[in-house]
Amino acid sequence: MTSARTGFRAGERFAQMESWQQPASGEPGIWNALGWRRAELEAGRAVLEWEPNTDHAFPAGDSWIVHGGMVTAILDSAMGSATWSLLDRDEVYLTADLRTEFYQPTRLVRIRATGWVVRKTRRVTFAASELHDEEGTLLASCRATNITIDLRDEPQRARRGPAKPVAD
């Protein structure tokens with residue numbers, strides 16, 4: 001299946017994601033711990049919603065501002081979901097680089113993180129995400145470079161052993 005909006009072909013992992021909407025209450029994991037919800041999902045694109053509370057923020061005058069690490073985490077997860085949706089069953093990914101830019105303080109209101117894949121090659125995926133509040137104000141954006149790991153290659157890597165450090 002290819003997404004009309006993104007133009008990307010869904011990977012085998014997409015079918016697993018479609019059937020998984022939200023972890024059951026009480027299950028471990030960051031989504032339940034923070035209260036994130038998946039609002040939309042298609043090949044190469046994902047939208048997460050969240051209503052942060054004072055546990056995720058620090059006081060600033062007479063209001064609260066969500067911690068930047070929490071903002072980065074939801075932006076990263078939106079990009080991660082978009083990336084994961086394009087992978088096949090024998091593939092996983094690792095984040096090689098992540099950069100977040102903050103434009104406005106994130107307050108304790110419902111927010112939406114939209115993540116999408118910008119470009120994908122066999123080994124590298126470039127992704128981006130944006131965080132908006134209920135009024136549509138852009139609060140932050142994020143970019144990531146993700147490295148695809150083919151698990152079918154892992155036994156060969158294990159036999160070679162760990163990489164040896166390069167001498168100065």
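Read the figures in this text as sums done on the coordinates, not as results from a lab. Predicted, not measured: the structure shown is a model, and the values here were computed from it. All Cβ positions, glycine included, derive from the backbone under ideal geometry; neighbour counts span all protein chains shown.
Quick look at the numbers
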| read-out | value |
| --- | --- |
| Dimensionless Rg/Rh of the range 16-152 - Kirkwood Rh, Rg from C-alpha atoms | 0.98 |
| Residue-span extension gain [Asp133 to Asn53] - 0.36 nm each, minus C-alpha spacing | 27.4 nm |
| Pair Ile149, Phe102: separation of 7 Å Cα→Cβ label points (nm) | 3.0 nm |
| Cut-off 17 Å (backbone N to label point 7 Å along Cα→Cβ of Asn32), residues of the range 38-57 | 38 |
